[in-house]
Amino acid sequence: MTNRRRFLTLGALAAASGGTFARVGEVNAQGKTEIQVQYDWLMGNGQIGDIVALKKGYFAEEGLAVTFAPGGPNAQTVPPVLAGQSLLGQFSTTSQALVAYGAGRPVRFFACGFQQSPYAYFSLPRSPVRTPQDMIGKTIAVNPNGRFTLQLILTLNKIDPAKVRIVTQGVDMSPLIAGQVDAVTGFVTNTKALTVLGPDRIVLTSEQAGFTAYANAYFTSGETYEKNKAILAKFVRAAGKGWGWSFANRKAAVDIMCEAYPNLDKEIELATVDIIMGLSFSEATKANGWGWFDNAKIERQIETFATVPDTFKARVPDLAGVCTHEILDQTASDRPHLA
């Protein structure tokens, strides 16, 4: 069975008579509205609050029967949502939302689980990269999709791209250890992969490098949004409750997540959960609640993307079209205000 088909149900899928299931968005035999969520990546620590919300019955309390559809390296996030197979999805970053919208796809995001991207550049003390300027004269290994981000960072910091050697790598950190490159890319949440670099590794996040973006952006199609605002508000309310409970009960939340997904390493996840909560909650969420995003930050991201030719194939995203605060406003008093 592929990752795309390994759906976490935990009682959320209710079979009607004859073994058939209610369609997504319909009310099932138990009176719950069926919702499928298409994630961009495999289920893991970035979804811990969602998993807790499902396991503890918070979605059910809102009248929802939620199914999680994991993504992965070869998964497509947008098509299942636009086709109505999934009521909503989760982009890894708001960058994906902007590019998809700019390509003419009618996507609209309404909440962001992470206040910043966990994407980062990792180096070692022998050739440290603590700032973008430190990249000059060095070799930076990026993942296949990382060239665009690095190009933006160099542009933002007025660095001539010719002065930085860029090579492509996968998830392997060994080129850095062997001294073949000066920095590699990865995610601060990938604790297991980073252990090979040792405790002295130097971290420069994309946010610190000037590239601002939110992560784990919940989205749907423009048409679905207009027809299902009440359902989306229920989802955000329940998910927020799951994240708030996870913030206060971190070890127990990891237990719940690892029970739901036995392939996860509990020891590694316990070492990572504080990083996850640091990405999910900040002074901004203390003031505005979990899931918050700042329109001004999104506008800056659009402006930055527009500096690179052909980033937006069909149109430049407009703020009102690509995102909305309406669901956040409706759930303002229900979402956890923590930091």
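The values are calculated or read from the model by the stated rules, or taken from the named source; none is laboratory data. As the structure is a prediction and not an experimental result, all values here were calculated from the model. Glycine also receives a Cβ, built like all others from the backbone with ideal geometry; neighbour counts cover every protein chain displayed. When the accessible area is computed, the model is the full protein with side chains, heavy atoms only, and any ligands, DNA or RNA have been set aside. Shrake-Rupley method; radii C 1.70, N 1.55, O 1.52, S 1.80 Å.
Taking P199 as meeting all but one of (1) part of a loop (DSSP other than H, G, I, E, B); (2) at negative phi; (3) in contact (Cβ under 8 Å) with a residue 24 or more places away in the chain, write down the number of the exception.
Here P199 clears every test but (3).
Can you pull out the residues in the stretch 165-187 that are of a type in the set (A, V, I, L, M) and either modelled with pLDDT under 95 or open to solvent by 30 Å² or more (accessible area, probe 1.4 Å) (or both)?
I166, V167, V171, M173, I177, A178
Assess whether A75 counts as being among the aliphatic types (A, V, I, L, M), more than 23 Å from K241 (Cβ to Cβ) and over 15 Å from the mean Cα position of the chain (by Cα).
On the way: among the aliphatic types (A, V, I, L, M): yes; more than 23 Å from K241 (Cβ to Cβ): yes; over 15 Å from the mean Cα position of the chain (by Cα): no.
Here the answer is no, as A75 does not meet what is asked.
Could we say that R300 is of a type outside the set (S, T, N, Q), touching a Phe, Trp or Tyr at 6+ places or on another chain (Cβ under 8 Å), open to solvent by 40 Å² or more (accessible area, probe 1.4 Å) and over 15 Å from G113 (Cβ atoms) here?
no
Looking at the stretch 204-236, which of its residues are open to solvent by 60 Å² or more (accessible area, probe 1.4 Å) and either within 19 Å of the chain's Cα centre (by Cα) or touching a residue at least 12 places away in the same chain (Cβ under 8 Å) (or both)?
Across the stretch 204-236, the qualifying residues are Q208, E223, K234.
Does the stretch 72-85 contain at least one residue that is at pLDDT 95 or above, in contact with a strand residue (DSSP E or B) (Cβ under 6 Å, 6 or more places away or on another chain) and either part of a strand (DSSP E or B) or among the β-branched types (V, I, T) (or both)?
Yes; the residues of the stretch 72-85 include at least one that is at pLDDT 95 or above, in contact with a strand residue (DSSP E or B) (Cβ under 6 Å, 6 or more places away or on another chain) and either part of a strand (DSSP E or B) or among the β-branched types (V, I, T) (or both).
I'd like to know if the stretch 319-335 contains one or more residues that are surrounded by 15 or more Cβ atoms within 10 Å (Cβ to Cβ), in contact (Cβ under 8 Å) with a residue 12 or more places away in the chain and basic (K, R).
Taking the stretch 319-335 first, the residues surrounded by 15 or more Cβ atoms within 10 Å (Cβ to Cβ) are 322-325, 327-328, 330-331, 334-335.
Narrowing further to those that are in contact (Cβ under 8 Å) with a residue 12 or more places away in the chain: 322-325, 327-328, 330-331, 334-335.
Next cut, basic (K, R) only: 335.
Scanning the stretch 319-335 turns up at least one residue that is surrounded by 15 or more Cβ atoms within 10 Å (Cβ to Cβ), in contact (Cβ under 8 Å) with a residue 12 or more places away in the chain and basic (K, R).
Any idea which residue in the stretch 118-131 is farthest from E283 (Cα to Cα), counting only those that are open to solvent by 10 Å² or more (accessible area, probe 1.4 Å) and either touching a Ser or Thr at 6+ places or on another chain (Cβ under 7 Å) or part of a helix (DSSP H, G or I) (or both)?
So the residue we want is Y119.
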